[in-house]
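Following: one structure in structure tokens, then a few remarks.
Each reported figure results from applying straightforward, stated rules to the coordinates on display, with no laboratory input. Values in this document were obtained by computation on a predicted structure and should not be read as measured data. Every residue, glycine as well, gets a Cβ built from its backbone with ideal geometry; the counts of neighbours run over all protein chains shown.
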Amino acid sequence: DTGVSQDPRHKITKRGQNVTFRCDPISEHNRLYWYRQTLGQGPEFLTYFQNEAQLEKSRLLSDRFSAERPKGSFSTLEIQRTEQGDSAMYLCASSPTGGPSYEQYFGPGTRLTVT
Amino acid sequence: AQRVTQPEKLLSVFKGAPVELKCNYSYSGSPELFWYVQYSRQRLQLLLRHISRESIKGFTADLNKGETSFHLKKPFAQEEDSAMYYCALQGWGAQKLVFGQGTRLTINP
């Protein structure tokens, strides 16, 4: 296991199109997180799963965004009707279940460019 | 509201000089504080967490609840310390991390 993986690494799409990103966490990690990072800013929390349950969603996650983790393993993040403001790096992270201060392991990110 | 402020976007020091990256937070309770680092062309990774009270790669950080700060320090900077550093907060009982905007540290030879 080489860590958290994300696919694709880069995505260029036209405004109005739908896009889907995939995240594969470290295999024994039950918790999975999505963050978004825009230029010059730190990552911002979007949502988090424990196993297949989505336990928290940020107000940043508008109705156009949906995340799933159907079998408690990989997760997908879909953005419908993309807008230019959606251009960002989308980061996935995972951590083991346990205390809140467990390390979150980050993937390499998917860079989305909406033209 | 939870907020993390890193007042310096850029910090440049010479090799061998002391380094201090500032982090202030806003949280009405006892948070967990972390420093994450991103080296060039690498993914974001944990550097240290306040609960461990450990020194990693010569870096230390002390939580000052009175000043609501968690500054990162190293007495003698090395060129390999050049990276992007993010301070992050985790509220009590929460899972999400709240990040600052980051400080780009450059160590000059």
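Points to keep in mind about this one:
- Qualifying residue in the range A:54-73 (condition: closer than 30 Å to B:SER30 by Cα and in contact (Cβ under 8 Å) with a residue 40 or more places away in the chain): no
- Test: residue in the range A:39-53 that is buried (at least 16 other Cβ atoms within 10 Å of the Cβ), within 14 Å of A:LEU112 (Cβ to Cβ) and aromatic (Phe, Trp, Tyr): no
- Taking the numbered list (1) under 15 Å from the mean Cα position of the chain (by Cα); (2) within 25 Å of B:VAL37 (Cβ to Cβ) in turn, A:LYS11 passes all entries but (2).
- Residues of the range B:13-50 satisfying the condition of being of a type outside the set (A, V, I, L, M), part of a strand (DSSP E or B) and farther than 30 Å from A:ARG9 by Cβ: B:PHE14, B:GLU20, B:ASN24, B:TYR25, B:SER26, B:GLU32
- Check on A:THR38, of a type in the set (Ser, Thr, Tyr) and under 25 Å from B:GLN2 (Cβ atoms): yes
- Here the range A:94-115 is the region considered, the condition is being at negative phi and of a type in the set (Gly, Ala, Ser), and the residue that is farthest from the other protein chains (Cβ to nearest Cβ) is A:SER94.
- Residue, farthest from the other protein chains (Cβ to nearest Cβ), within the range B:1-36, restricted to residues that are aliphatic (A, V, I, L, M) and under 20 Å from B:GLN78 (Cα atoms): B:ALA17
- Every residue from the range B:37-60 that is within 14 Å of chain A (Cβ to nearest Cβ), without any contact (Cβ under 8 Å) to a residue 40 or more places away in the chain and under 13 Å from the mean Cα position of the chain (by Cα): B:GLN45, B:LEU46, B:LEU47, B:LEU48, B:ARG49, B:HIS50, B:ILE56
- The range B:61-83 - residue that is buried (at least 16 other Cβ atoms within 10 Å of the Cβ) and assigned to a strand (DSSP E or B) and, of those, farthest from the other protein chains (Cβ to nearest Cβ): B:LYS74
- Test set (1) more than 14 Å from the chain's Cα centre (by Cα); (2) facing chain B (nearest Cβ under 8 Å) - A:LEU91 fails condition number: (1)
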